[in-house]
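Asks: Sending over a structure as structure tokens; questions will come in a sec.
The values are calculated or read from the model by the stated rules, or taken from the named source; none is laboratory data. Since this is a predicted model, take the numbers as computed values, not measurements. Here the Cβ is made from the backbone with ideal geometry for all residues, glycine too, and neighbour counts use every protein chain on show.
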């Protein structure tokens with residue numbers, strides 16, 4: 001049985017969110033995934049009242065050469081980073097303030113480590129999750145972070161000889177009525193990845209919500225967005241782009257910012273993993 005990083009990540013998220021913390025265990029203070037349209041370390045300092053025990057899991061793109069590979073699957077050895085935010089507000093913890101904060105972080109770290117390492121929480125195709133607790137990150141005054149490096153071993157499906165093809169692009173309400181795709185590019189970057197550029201002009205009355213949908217011939221397990229420096233209007237666009245989920249072939253791309261300007265050209269670069 002084969003799997004992929006994003007299936008393992010979602011299982012880790014569910015396991016961590018199901019934890020019952022030993023301290024401050026009411027529902028409002030349990031572990032919850034941070035907003036997916038922002039990086040935790042950018043979002044948490046601006047939302048100190050809401051960031052307690054919010055966490056993210058980010059993939060380390062470095063992979064070891066697989067010791068096992070056949071046309072149907074390969075063994076993957078790679079790592080990810082789990083980061084948990086803790087605001088330093090003294091009123092949140094107790095009379096001993098920072099001492100209480102460190103006690104809570106230590107207790108939480110033990111629970112997170114154990115639940116991620118527990119083979120009973122692995123998905124089919126996963127064989128290991130070795131967890132290393134890293135030193136507390138105290139660089140910011142308002143928020144501290146507890147990081148964990150997780151070394152994963154799993155079998156990942158592959159279809160050697162299948163070449164990805166360009167997706168169908170369908171503009172949504174976020175692009176406005178009468179929006180058009182001006183140009184698009186697509187390139188197979190090998191090893192189950194591809195990249196492309198989309199340039200479009202908004203119509204009238206762009207709204208919040210789905211900007212566009214990319215429909216591929218294969219299931220997409222990961223996506224990222226980067227800025228197209230050739231288009232000045234798009235400087236802040238990619239920071240607000242996100243997807244509601246992966247593991248699908250039709251990928252809705254949503255925009256979380258204020259509505260885009262009408263009759264304006266935007267452009268961004270995307271990368272996908274199949």
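Asks: Go through the range 185-204 residue by residue and tally those that are more than 30 Å from residue 75 (Cα to Cα) and at pLDDT below 90.
Replies: Within the range 185-204, residues that are more than 30 Å from residue 75 (Cα to Cα) and at pLDDT below 90 number 1.
Conditions tested, residue by residue: (1) part of a loop (DSSP other than H, G, I, E, B); (2) in contact with a helix residue (DSSP H, G or I) (Cβ under 9 Å, 6 or more places away or on another chain); (3) outside the structural domain of residue 197 (by TED's automatic domain parsing); (4) modelled with pLDDT under 85.
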| site | (1), (2), (3), (4) |
| --- | --- |
| 233 | no, no, no, yes |
| 236 | yes, no, no, yes |
| 250 | no, no, no, no |
| 253 | no, yes, no, no |
| 257 | yes, yes, no, yes |
| 260 | yes, yes, no, no |
| 263 | yes, no, no, no |
| 266 | no, yes, no, no |
| 269 | no, yes, no, no |
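Asks: Does residue 58 satisfy the criteria of being out of contact with any strand residue (DSSP E or B) (no Cβ under 6 Å at 6 or more places or on another chain) and under 24 Å from residue 106 (Cβ atoms)?
Replies: So residue 58 fails the test.
Asks: Please indicate, with yes or no, whether at least one residue in the range 7-18 is exposed (fewer than 13 other Cβ atoms within 10 Å of the Cβ) and at pLDDT 85 or above.
Replies: yes
Asks: Which ones in the range 19-43 are crowded, with 18+ Cβ neighbours inside 10 Å and either under 16 Å from residue 104 (Cβ atoms) or not assigned by TED's automatic domain parsing to the domain that holds residue 140 (or both)?
Replies: Across the range 19-43, the qualifying residue is only 31.
Asks: Shifting gears a bit: With the requirement that a residue be within 21 Å of residue 246 (Cα to Cα), surrounded by 18 or more Cβ atoms within 10 Å (Cβ to Cβ) and either outside the structural domain of residue 265 (by TED's automatic domain parsing) or in contact (Cβ under 8 Å) with a residue 60 or more places away in the chain (or both), what does the range 197-216 give you?
Replies: The one that is within 21 Å of residue 246 (Cα to Cα), surrounded by 18 or more Cβ atoms within 10 Å (Cβ to Cβ) and either outside the structural domain of residue 265 (by TED's automatic domain parsing) or in contact (Cβ under 8 Å) with a residue 60 or more places away in the chain (or both): 198.
Asks: Is at least one residue of the range 150-157 touching a strand residue (DSSP E or B) at 6+ places or on another chain (Cβ under 7 Å), outside the structural domain of residue 220 (by TED's automatic domain parsing) and under 19 Å from residue 19 (Cβ atoms)?
Replies: Looking through the range 150-157, at least one residue is touching a strand residue (DSSP E or B) at 6+ places or on another chain (Cβ under 7 Å), outside the structural domain of residue 220 (by TED's automatic domain parsing) and under 19 Å from residue 19 (Cβ atoms).
Asks: So which residues in the range 136-173 are in contact with a helix residue (DSSP H, G or I) (Cβ under 9 Å, 6 or more places away or on another chain), modelled with pLDDT of 85 or more and not in a loop (DSSP other than H, G, I, E, B)?
Replies: Correct list: 137, 143, 144, 145, 146, 148, 150, 152, 154.
Asks: With in a strand (DSSP E or B), farther than 29 Å from residue 43 by Cα and touching a residue at least 60 places away in the same chain (Cβ under 8 Å) as the only criterion, which of 219, 183, 189 stands out?
Replies: Matching residue, one of 219, 183, 189: 189.
Asks: Please verify whether residue 168 is under 30 Å from residue 74 (Cβ atoms) and surrounded by fewer than 16 Cβ atoms within 10 Å (Cβ to Cβ), treating the condition exactly as stated.
Replies: Yes; evaluated as a whole, the condition is true for this residue.
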